[in-house]
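Working notes for the structure below.
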Amino acid sequence: MKQLYFAVMATAICLTSFAQSRVATADYQKTKQPGIETDVPFSEKTITSSLEDYFQKLGYKGKDTKGYMTYRGVHLPQLGPGSYDLYFKADRKSRKEKDACTVTMLISSGFDKFIGDTTNAVLIDSAKNYLNGLTARVAAYDLEQQIIDQEDAVKKAAKSLSSLTETADDLQKKKSKLENDIAENIKKQASQKTEMEKQQQILQTLKEKRRQ
């Protein structure tokens, strides 16, 4: 029980350590733009898929824009009353850390007019708080995907078991038929042996008449 407790605590501490977002300068179309970034302990594919799923459920469809997944005209209560264009990019931290990425978020008021902490500190603080929750959201998404994949694995295993059971039933029926056929064949052999002996006796009788 204690080991489970410490394992859960270690996971929570790990996720928390990755959750702290920070103001950053990002590259966008060969220009430097204000943004926010955070480290997330998941692969680029998982993070991107999580974001796509999250915004799709909110009714927003993303578009790839110069290496960023962009969601336009987004209204998020966490960011306040306004609507913004949100840009996201996940970059692997290093070759060795394939399951650890730095996620960059850019906020635009429209037409690539990016907002920084010097122009709207309140919005950026809200965005940092929003981004702090990204790791937990990705973790929840990843868990759901694992559950879905495992459900598929269970279904496939159940289907294979059902198929093997049906095959076993068919083989059992064939076995029963084969056993019946063997038993019938043995009876016929016995009957045929009697008939053969009868015919041999007749032949022998006829041959004995020849000698007389």
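The values are calculated or read from the model by the stated rules, or taken from the named source; none is laboratory data. Just so we're clear, the structure is a prediction, and the values are computed from it rather than from any experiment. So basically every Cβ, Gly included, is an ideal-geometry build from the backbone, and we count neighbours across all protein chains shown.
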Filter result (in a helix (DSSP H, G or I), within 15 Å of Tyr71 (Cβ to Cβ) and aliphatic (A, V, I, L, M)) within the stretch 105-133:
Ala127, Leu131
When the stretch 52-104 is checked residue by residue, the ones that are buried (at least 18 other Cβ atoms within 10 Å of the Cβ) and in a helix (DSSP H, G or I) are Phe55, Leu79
Just to be sure I understand the filter: pairs with C-beta atoms under 8 Å, separated by 6 or more residues or on different chains, first member in the stretch 38-60 and free of Cβ contacts under 8 Å to residues at least 60 places away in the same chain, second member β-branched (Val, Ile, Thr). Which pairs pass?
Phe55/Val74; Leu58/Val74; Tyr60/Val74
Quick check on my filter: what residues within the stretch 17-64 are at positive phi and under 24 Å from the mean Cα position of the chain (by Cα)?
Gly59
Does the stretch 77-84 include one or more residues that are among the small types (Gly, Ala, Ser) and within 17 Å of Thr46 (Cα to Cα)?
no
Within the stretch 79-86, identify whether any single residue is over 25 Å from Thr31 (Cα atoms) and either among the hydroxyl-bearing types (Ser, Thr, Tyr) or within 29 Å of the chain's Cα centre (by Cα) (or both), and answer yes or no.
no
With the checklist (1) modelled with pLDDT of 95 or more; (2) more than 28 Å from Thr118 (Cβ to Cβ); (3) loosely packed, with under 11 Cβ neighbours inside 10 Å; (4) not aromatic (Phe, Trp, Tyr) in hand, flag the one item Thr46 doesn't pass.
(3)
